[in-house]
Structure formats: structure tokens, C-alpha cells
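Single-structure report; data block below.
The values are calculated or read from the model by the stated rules, or taken from the named source; none is laboratory data. A quick note: this is a predicted structure, and the numbers were derived from the prediction, not measured. As a convention, Cβ positions derive from the backbone with ideal geometry for all residues, glycine included, and neighbour counts pool all protein chains shown. Side chains included, ligands, DNA and RNA excluded: accessible areas come from the protein's heavy atoms. Shrake-Rupley method; radii C 1.70, N 1.55, O 1.52, S 1.80 Å.
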Amino acid sequence: MELWRTFWLLALLGVAKGANNQSSASDWQQQQQQKMQFYQQHLNDSLLEMPDLDAGASRGGHLLEPHLTRTSVIFGLTKVLNGSNVSAVCQAQLRQVQRGILSKQPWAMKVLDASGTKPSGFIYGQNYWLGSREACRGVQRPVGITLSKNFERVMHHGLITQQSPFDMDYRVIYLRHNSPWQVEIKLMSEQIIHIGLCLPRACTSGEVKQLAGEYVSRGMFAENDIFDIRPEVLYMKDLQLRDVFYQRSSFRLLVACVLATAGLMLCAQQLLAAKKLPPAGEELGLAPAESELWRALHALLRWQKLQQLVSCYDLPGNWGKIFAVRENNAREIPVMNGLRSVCAIWIMIFHVVWFMYFTVHNKTVLITYAEQAFFQYVSSAPLLVDVFFTISGFLQTYNFLRNSAQLDAVRRNGWLKNLRLFGKLLFHRYLRLGPLYLVVMASVDLVYAYIGDTSVYHINERFDEMCSKHWWRNLLFIQNLFDHRDMCANWSWSLACEMQFFMLANALLFLYAKHPKLTKGLVSVALVSTIAWSYGIGLSIKFQLSFDAAFATGTEIYTSPFVRILPYILGAITAWSLLERRPLLALSELRERCSWHLALLVFFACIYSTIRRDLGPLMAISLFVLGRLFFSLSVCWMIAGSAQGRGVWWSRLLEAKGFQHVSRLSYAIYLLNPLVIALFYSLTSASTHADPFMLCVVTCGFAVIVYLASIVFSLAFELPYSNLSSILLGRKAKSA
């Protein structure tokens with residue numbers, strides 16, 4: 001019998017090898033058909049006659065078969081082959097997998113082990129039955145490990161050496177379940193079961209999806225009986241990047257931007273080296289072709305306007321600007337550097353937890369952490385966006401009213417000239433913010449297209465689809481006026497708000513220059529209106545502070561410019577008060593210290609005010625509106641106090657010179673951190689576990705990665721355009 005088994009195995013391998021060696025492009029298909037006919041005629045008998053399937057093992061296999069059918073999806077698929085519309089190759093190879101498992105062949109046991117089965121924790125959100133992608137790779141190649149022969153081992157040595165007789169692939173099938181035995185949090189689509197399968201490469205995704213549909217429809221899924229899962233097959237991934245990825249407009253745009261930026265940076269270095277060039281007529285020490293190109297580039301860069309453009313991309317100069325640390329100027333408000341830096345990092349920590357939610361297998365536990373008092377500083381971090389709105393409102397008004405020349409020009413100009421001035425201010429703001437923002441938007445489209453193809457996770461927020469459809473909304477900074485579920489890079493809603501608030505503030509400031517009383521009345525009406533609007537919307541939609549309700553009402557409450565303008569108005573009023581009524585802010589030393597500490601107390605009280613989330617709509621919306629009101633007022637006090645050179649010990653910490661560097665990167669950090677975090681989470685092959693200690697370690701790692709990425713993007717796509725804006729403004733001032 002041993003000789004008989006050896007004969008059949010050699011015969012099968014010999015036929016397969018001979019067919020492969022003799023095949024050509026013209027008769028390949030015919031020889032494949034001949035090979036599969038041989039497969040179908042002889043495979044079943046040969047496997048059944050193998051002597052390593054002794055009587056006891058055979059009986060054991062038959063006893064295990066019903067259990068495997070109901071508990072293992074990969075084995076269950078092999079049981080629904082009869083009558084299925086799958087190819088002969090796929091059918092034969094799946095049957096060989098089935099017999100290999102029943103006969104406990106090492107390669108087949110590795111296939112069974114690499115395929116996912118239900119783990120514990122389903123009730124609290126364990127929907128990631130992913131098996132092992134690495135173990136599936138080990139099925140078709142020896143495991144790269146060296147073991148000493150000096151020790152006796154009880155293991156099957158074939159676990160290391162034996163390979164599958166055909167190519168295997170790791171794929172993931174996604175089932176929507178309707179089990180009442182899982183906590184349903186209602187944050188996007190968490191009820192998607194991910195099942196990793198180690199399958200023959202010959203089986204297409206469509207064939208496997210069909211088999212999976214038959215498997216779950218026949219009620220062969222044991223977990224369906226226990227947990228009333230009632231699964232529905234959604235789709236399947238082969239985790240391979242499609243060719244259409246390289247045809248995306250975002251891919252071409254990013255390649256063009258990178259090449260153009262790199263070229264301009266090289267030209268900027270040529271300008272720096274131009275002084276070292278030898279006089280005309282002397283040899284450059286280069287080959288003739290290189291010499292001509294070098295001289296042509298040098299001649300082109302003699303054009304003054306082109307030199308000004310290219311100089312904006314001076315890499316060493318921009319690097320020095322990012323890392324420059326100097327003494328705080330008397331006309332600056334240094335506490336803003338600390339507020340920007342701390343809040344940018346703080347919001348990044350929130351995003352680490354937020355995007356972890358879509359990869360953790362204990363979602364319910366993660367939410368319970370978010371509702372505990374100790375972790376309120378993370379779960380309430382979205383409130384910190386109001387710090388940026390307050391600072392923006394303050395700076396916009398403060399800088400406008402301090403610019404006496406511009407203010408006088410607005411008073412003298414007619415409406416047409418003021419309209420041109422308004423357009424110029426809008427253009428320069430777009431020039432400073434737009435390039436980095438648009439590059440990040442294109443990166444979001446490309447990254448989400450990549451992880452949509454290659455990630456084991458179901459990607460609920462398909463920003464690649466949203467960006468392809470709605471890119472023009474982001475281009476015009478109006479994406480926050482639409483449903484938050486239809487946004488491209490939905491964290492950019494605050495930038496749209498900032499641009500809209502900038503335009504409104506400029507219009508009111510232009511009006512203030514000519515009609516101050518009318519403008520004060522309009523601002524007062526706007527302040528009362530936004531509070532009334534927030535109350536009205538909150539009561540109409542029955543707003544609650546629970547995470548599921550807050551997410552569902554994101555469009556009406558969280559991203560709406562009519563609701564979020566409150567801190568911007570308060571910041572603008574603070575700037576006006578500081579410039580127009582400075583004597584009224586005079587306080588005694590004791591009262592001033594108490595006011596500083598009270599501001600800090602109010603700041604953290606508002607952060608921790610949502611410790612109770614089971615409140616009615618009236619209490620919830622009151623806490624939301626009044627909390628944001630007092631939170632913004634506390635920030636206004638810090639800014640106004642720092643502007644007058646006052647403060648206490650903790651405000652001096654926020655005014656430290658070290659924050660100047662991080663503050664310059666805060667815009668890039670804010671834009672990039674969700675993209676970087678989502679990308680790295682999506683590339684993992686196994687679900688994560690919500691653990692506070694490991695979360696701290698992961699957050700530190702993300703902070704370093706985001707920081708480095710922010711430096712690169714700021715050098716390439718932010719500072720050059722900020723430099724260009726400054727050059728254009730300086731040229732305009734000289735011509736005036």
C-alpha cells in the first residue's frame with residue numbers, strides 16, 4: 001500500500017509538471033482541460049485509497065465532519081459544492097481541501113487553522129473572524145524557522161515542510177448579521193462580520209460568494225442557531241490592488257504635484273548655487289550636454305519674477321522657518337501658540353480612539369471607557385475645535401482693526417474698490433490654506449481607494465467615492481453645508497466653517513469701518529440668533545449627548561456653520577473690546593489671578609460636563625450651548641490676558657517658546673492626523689483590543705509619525721505658498 005500511494009502521488013505530480021512544461025501559448029487551455037479530466041477521474045479514488053487514512057482515522061474524520069460543517073466556514077463551503085455553479089478546477093481543489101482536512105494532512109490542517117471561526121466576545125462587538133493571513137501564506141511555502149534535531153518533538157514535521165498541491169489565497173467575506181445578542185451602538189455599520197478564508201486561487205471571488213450564500217441560506221451555520229445571527233452575504237475581497245487605482249485622477253494629480261514641487265525645490269537650490277558658478281566662457285567641469293542644460297537653467301532663472309517664485313521653495317530656508325524659536329514679540333499673543341499646539345495634539349489623541357473604534361473587537365468596552373470620568377478629556381476633545389474658531393475670530397478682527405492704513409482705505413473707497421480689496425484678502429487666504437488642503441484631499445481619495453481594495457476591514461466611510469463625486473464642494477469650502485455622511489475627508493468641515501466665517505467677518509469689518517453702530521447691532525443679533533438657532537434645532541431633533549445620537553445629528557449640530565459660529569463671534573467681540581475699550585479690562589492683581597484660575601476651571605469643567613449623557617433634549621442642548629459659550633469665554637480671557645502681557649504660572653507654560661515650532665505645524669497636524677491614523681489602522685491584519693495602557697503607547701507612536709509627516713507636507717505644500725502670498729502682498733504694498 002505504501003508503494004501504491006507513492007505511485008499515485010508521483011503520477012499526479014508528473015502529469016501536472018509535464019503538462020506545464022510542454023504547454024505553450026497556443027495549446028495551454030487544451031492541456032489544462034486534459035489535466036483536469038485526469039484530476040476528476042483519478043483524484044477521488046487515489047485520495048480514498050491512501051494508507052495514512054487507516055480505519056480509525058477514517059472513522060474519526062466521518063465523526064468530525066458534521067461538527068466541522070457547522071463550525072468551520074471553509075469546511076462548510078466544501079460541503080455545498082454539489083450542484084453549485086463553480087468551475088471544475090475550483091470544485092476539484094475544494095474537494096481536495098475537504099479530504100485533506102478529514103485525513104488530517106498537515107497542509108490541509110494549516111488551511112483549516114488559517115481560516116477564521118467565531119472567537120469569543122461576540123456580544124460586545126467581536127465581528128472580526130479573520131483567522132491568520134500569515135498562516136495562509138505558510139500553506140504554500142515552508143515556514144522559515146530552523147529547529148534543532150537534538151530535541152524530540154511531538155508535532156507533525158509536515159507543519160513546517162509540507163506545502164499545498166495548488167496555490168492558495170487569503171480572502172475576506174463580509175456578512176451582515178441581525179443578531180439581537182450583540183450590543184448595537186449605532187455608530188456607522190458595526191454589524192458586519194469579517195470572515196477570513198484560506199482558499200484555492202482557482203476559485204474566483206464570485207464563486208466563493210455564491211458558495212457562502214448557499215452555506216448560510218441552508219442553515220448550516222452553527223452560530224446562526226446559537227446567536228440568531230441570520231447572516232446575509234454582502235461582498236468579498238481578494239485584498240488585491242486593482243489596476244484602476246493607477247488611473248484615478250487623484251493619483252495623476254499627486255504625481256504631478258510631487259514632481260513639480262521637487263523640480264521647483266531643485267531650481268531653488270540652483271539659485272543658491274548660482275553665485276558659485278564660474279564666469280561665462282570658463283569650463284564647468286561637466287559633459288557638454290550637462291553643461292548646456294546647466295547654463296540653460298541658469299539663464300532661465302535670471303528672470304526676476306521666476307526667481308521670486310522659485311525662492312519660495314527654498315528648502316533650507318523653509319526648514320529654518322519651521323524650527324525657528326525666538327523671543328516673543330510685544331505685538332504678538334504668545335498664549336495662542338500653546339493653545340494651538342496643545343489642542344492640535346489633543347484632537348489627534350481623540351482621532352486615535354475614534355478610528356480605533358472601527359478595528360477593535362470589544363467596541364462596547366471602548367465606549368464604556370469613553371463614558372468614564374477619567375477618559376472624558378478624550379471623549380470630549382471635539383469641543384476643542386472651538387478653541388481654533390475663537391482664535392480665528394479674534395485674530396481676524398484684531399489684525400483688521402490694528403491695520404490703520406487698510407482701515408482708512410476702506411473708509412475712503414467706494415463699494416467697487418472695497419469689493420476688489422475683499423477679493424484680494426480672500427485670494428491670499430485661499431493661497432495660504434488651499435494648496436496643502438487640496439493635496440491632502442487628493443491623498444485621502446487615493447489612500448481610501450487603496451485600503452478599500454487591500455484592507456481586511458469593511459471600510460464604511462468610502463472617501464474615495466465621496467471625493468470623486470463631491471470634490472467641488474471641498475474646492476469651494478462648502479462641504480459642511482451638506483450631510484456629514486457625504487463629505488470627502490469629513491474632518492475638514494471646520495476648514496469650510498473657517499472660510500465662511502472669514503468671509504462673513506470681513507464683510508462686517510468693512511461695514512464697521514463705515515457704519516460702526518449698524519455693525520455692532522448686526523453682531524449682537526448674530527450672537528443671539530446662533531444661540532436661539534442651536535436651541536431650536538436641538539429641541540426639534542430631540543438632541544441627546546449619547547454617542548450614537550450625537551453622531552446621527554452631526555449635520556444639524558456638529559458641522560453646521562449656524563451652530564458653530566458662536567465661538568468665532570465671541571473671539572471677534574473680545575478683539576474689538578481689547579482694542580476699543582482696553583481700560584475696562586484693568587483689574588487688581590488678586591482679582592486678575594483669580595480670574596485666570598477661574599478661566600482654567602471653567603475650561604476643564606466644560607470638558608467634563610458631559611460625564612452624564614442620559615439627559616433629556618432640553619437639558620442636553622442647554623449643556624451643549626451653554627457649555628460651548630462658557631468654554632469660549634474662558635479661551636477669550638486667556639487670549640486677552642496674554643495680549644496685555646499678563647498671566648499666571650500655567651499661562652506662562654502655554655507661552656513657552658517651544659510651542660512656536662509646533663504651532664507652525666498645527667495646520668498640517670490637524671489635516672493629516674486622521675489620514676495617517678486611518679491608513680495605519682487599516683493596514684493591520686488582525687483586530688485590535690481596546691486597552692488603556694496600549695492605547696497610550698499607540699498614541700505616542702502616532703504622534704511621532706504625524707509630526708514627521710506634517711514637517712514633510714508643510715515644507716512641500718504649505719510654506720512655499722505662504723511665502724508667495726507674502727511676496728505678492730509686499731509687492732502690492734510697494735506699488736501702492
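Things worth noting here:
- Angle in degrees between helix 55-71 and the longest Cα principal axis of the chain, rounded to the nearest 10: 30 degrees
- Directionally averaged projected area (the stretch 552-607, Cα convex hull): 5.3 nm².
- Subset of K118/K542; K424/K517; K79/K237; K363/K542; K417/K469 violating a 28 Å alpha-carbon distance limit: K118/K542; K417/K469
- 0 to 90° range, to nearest 10: angle between helix 692-717 axis and the chain longest Cα axis: 60 degrees
- Compactness relative to 2.2 N^0.38 Å, alpha carbon Rg of the stretch 170-210: 1.48
- Rounded, prolate or oblate (a/c below 1.5 giving rounded, otherwise prolate when a/b exceeds b/c) for the stretch 610-736 by Cα gyration tensor: oblate
- The chain: Cys lacking any partner C-beta under 4.7 angstrom: C257, C267, C312, C343, C497, C594, C606, C636, C696, C700
- Nearest-0.05 FRET efficiency for F151 and L64, computed from C-beta distance (R0 30 Å): 0.50
- Take every DSSP beta bridge whose two residues both sit in the chain; close to 80 percent of them are antiparallel.
- Pairwise centroid distance, computed over Cα atoms, of the stretch 458-485 with the stretch 322-355, Å: 28 Å
- Calculated on the Cα set of the stretch 324-366, radius of gyration then Dmax: 17.4, 53 Å.
- Angle in degrees between helix 205-217 and the longest Cα principal axis of the chain, rounded to the nearest 10: 80 degrees
- Three-way shape label, the stretch 488-560, alpha-carbon gyration tensor, a/c 1.5: oblate
- The chain - percent of accessible surface contributed by carbon and sulfur, probe 1.4 Å: 63 percent
- Its alpha carbons give the chain an Rg and a Dmax of 32.9, 107 Å.
- Between M503 and S249, residue separation times 0.36 nm minus the direct Cα-Cα distance comes to 88.4 nm.
- With the biggest extent put first, the Cα atoms of the stretch 669-723 measure 45, 20, 13 Å across the principal axes.
- Once the C-beta distance of R411 and I531 is scaled by a Förster radius of 41 Å, the resulting FRET efficiency is 0.80 to the nearest 0.05.
- The chain: calculated mean residue ellipticity at 222 nm from DSSP helix runs of at least 4, using -39500 (n - 2.57): -21000 deg cm²/dmol
- Pairs of Cα atoms farther than 26 Å apart, the stretch 543-663, %: 33 percent
- Rounded if a/c under 1.5, otherwise prolate or oblate - the stretch 352-490, Cα gyration tensor axes: oblate
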